[in-house]
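Report on the structure given below.
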Amino acid sequence: MLSFEVIAKYLYCRTLGIVARSEHPYATHIPVLVGVAAAFRPRSVVEFGSGDFSTLTFLDQVAFPNVLRVESYENNLEWMHRVQAKLGGNPRAVCHFFDGRMRDAVSGANLVEADLIFIDDSPSGWERAHTINELARVRLDRPITIVHDYDLPAIRVACRRFEHRFAFTTFTPQCCAVWNGNPDRKVLLESVSSKLQENVARLSVTDARGWSRVFCFTDGA
């Protein structure tokens, strides 16, 4: 007999359209970020939480041709050093170590010129939710922010603090775009979501360059 927890999780996932978990759960944001970058052409990226599937991927000029600068904030020093070693001194990337909870790094982060913000920090959804809450409190109109693991309840609730949000449900873990200001951005995000769904069966979530070939937008927003 199924336990109450198993049944509750099944109903939660079914209600929110959460599909089976990807075999590459730490990379399901890649197709979303590639599509959003094609639609909005960000030049400056700020990320909270560094990694092979974000920091290094943002520097791929085929997948992210417009990105000129990536600023990464990390509170795990050993992990940051591993990422830095793989960057090979790339002048377009700057890694910042923050000794403390990532939520407290937001106020001192260089967000004024950011076009795209990516949040994938901390080992728990609750900790990441605090980071999202802090970013929402700053109330920036310029950037569009992509949040990983949107299927987690705490993260889903935190994203409500932004004026607008759009969930990408093609992959699990899910991603969500949140932003303030221009509501018309949703049109481009819907186009990105459609292309993700159309190509989900033929492209791996880790294939950033493959995904870059399926997105073609004439105007950013």
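The values are calculated or read from the model by the stated rules, or taken from the named source; none is laboratory data. It should be emphasised that the depicted structure is a prediction, and the values quoted were computed from it without experimental measurement. We place every Cβ from the backbone using ideal geometry, glycine too, and count neighbours over all the protein chains shown.
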Among the residues of the stretch 78-96, which ones are part of a helix (DSSP H, G or I) and not basic (Lys, Arg)?
-> 78, 79, 80, 81, 83, 84, 85, 87
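Of the residues 113, 71, which single one is touching a strand residue (DSSP E or B) at 6+ places or on another chain (Cβ under 8 Å), within 16 Å of residue 143 (Cβ to Cβ), surrounded by 17 or more Cβ atoms within 10 Å (Cβ to Cβ) and of a type outside the set (Phe, Trp, Tyr)?
Just a single option satisfies the conditions, and that option is 71.
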Has the stretch 166-188 got any residue that is in a helix (DSSP H, G or I) and closer than 20 Å to residue 53 by Cα?
-> no
Filter pass, residue 177 being within 17 Å of the chain's Cα centre (by Cα), surrounded by 23 or more Cβ atoms within 10 Å (Cβ to Cβ) and under 19 Å from residue 64 (Cα atoms) = yes
How do the pairs read when you match residues in the stretch 84-106 that are more than 17 Å from residue 60 (Cβ to Cβ) with residues anywhere that are surrounded by fewer than 16 Cβ atoms within 10 Å (Cβ to Cβ), using Cβ under 6 Å and keeping only pairs 6 or more apart or on different chains?
-> 97/77
Working only within the stretch 74-101, note down all residues that are buried (at least 18 other Cβ atoms within 10 Å of the Cβ) and either on the phi > 0 side of the Ramachandran plot or hydrophobic (A, V, I, L, M, F, W, C) (or both).
-> 80, 83, 87, 93, 98
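Collect the residues in the stretch 181-199 that are under 18 Å from the mean Cα position of the chain (by Cα) and more than 25 Å from residue 163 (Cα to Cα), keeping them in residue-number order.
Listed by number, the list holds a single entry, 197.
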For residue 204, which of the numbered conditions (1) at pLDDT below 95; (2) surrounded by fewer than 18 Cβ atoms within 10 Å (Cβ to Cβ); (3) of a type outside the set (A, V, I, L, M) fails to hold?
-> (1)
Is it the case that residue 105 is surrounded by 20 or more Cβ atoms within 10 Å (Cβ to Cβ), out of contact with any Leu (no Cβ under 9 Å at 6 or more places or on another chain) and over 24 Å from residue 205 (Cβ atoms)?
-> yes
Restricted to the stretch 16-47, and to residues that are charged (D, E, K, R) and assigned to a loop (DSSP other than H, G, I, E, B), which residue is surrounded by the fewest Cβ atoms within 10 Å (Cβ to Cβ)?
-> 23
All positions within the stretch 125-144 that are assigned to a loop (DSSP other than H, G, I, E, B) and surrounded by 13 or more Cβ atoms within 10 Å (Cβ to Cβ) | 140, 142, 143
